[in-house]
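All remarks here apply to the structure that follows.
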Amino acid sequence: MSWIISTPGSEIPRARSFQCVTEISAEKLALFGGYYSNSEEDKDKTFLNDLWIYNNASLKWSKVETTGEIPSPRAQATLTR
């Protein structure tokens, strides 16, 4: 196993804490939600409900445009396939 530095492309998820991540295939991970804060004290939390897919083969992120009833913004949830 070795580490590489990749160029993630033009669009990447914003930095966040307490997001949900799960493997959806051998090459893909799904990331959902979490929160970010603009203060060092972590007082001003903004919760997220965006969904992203990371492709290990291409080393690229893509934002998933969802339809229907979208889950409310949240952190520390569980994501399964």
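The values are calculated or read from the model by the stated rules, or taken from the named source; none is laboratory data. This one's a predicted model, so the numbers in the text were calculated from it and none came from an experiment. For neighbour counting, all protein chains shown are included, and Cβ atoms are generated from backbone atoms with ideal geometry for every residue, glycine included. Heads up: the accessible areas ignore ligands, DNA and RNA and are worked out on the full protein's heavy atoms, side chains in. Shrake-Rupley method; radii C 1.70, N 1.55, O 1.52, S 1.80 Å.
In order along the range 73-81, the Karplus-derived 3J(HN,Hα) couplings, from 6.51 cos²θ - 1.76 cosθ + 1.60 at θ = phi - 60°, round to x, 7, 9, 6, 9, 10, 10, 10, 9 Hz, and Gly and Pro are given as x. Under 16 Å from the Cα of K28, which lysines turn up, not counting those fewer than eight places away in the same chain? Output for K28: K60, K63.
Accessible surface area normalised per residue over the chain is 77 Å², counting heavy atoms of protein chains with a 1.4 Å rolling probe. Carbon and sulfur: what percent of the chain's accessible surface (1.4 Å probe)? Whole-percent figure for carbon plus sulfur exposure: 49. The average projected area of the chain, computed from the convex hull of its Cα atoms over all directions, is 6.9 nm².
Gaussian network model of the chain, Cα springs within a sub-10 Å range: biggest mean-square fluctuation belongs to which of E40, E23, E11? Of E40, E23, E11, the most mobile in the Gaussian network model is E40. Other residues lying with their Cβ under 13 Å from the Cβ of K63 contribute a combined charge of -1, Lys and Arg counting +1, Asp and Glu -1. The residues packed around S37, meaning those with a beta-carbon under 13 Å from its beta-carbon, carry a net charge of 0 if Lys and Arg are +1 and Asp and Glu are -1. The base-10 log of I(q)/I(0) for the range 37-81, evaluated at q = 0.20 Å⁻¹, reads -0.89 [Debye formula, identical scatterers on Cα atoms, solvent excluded].
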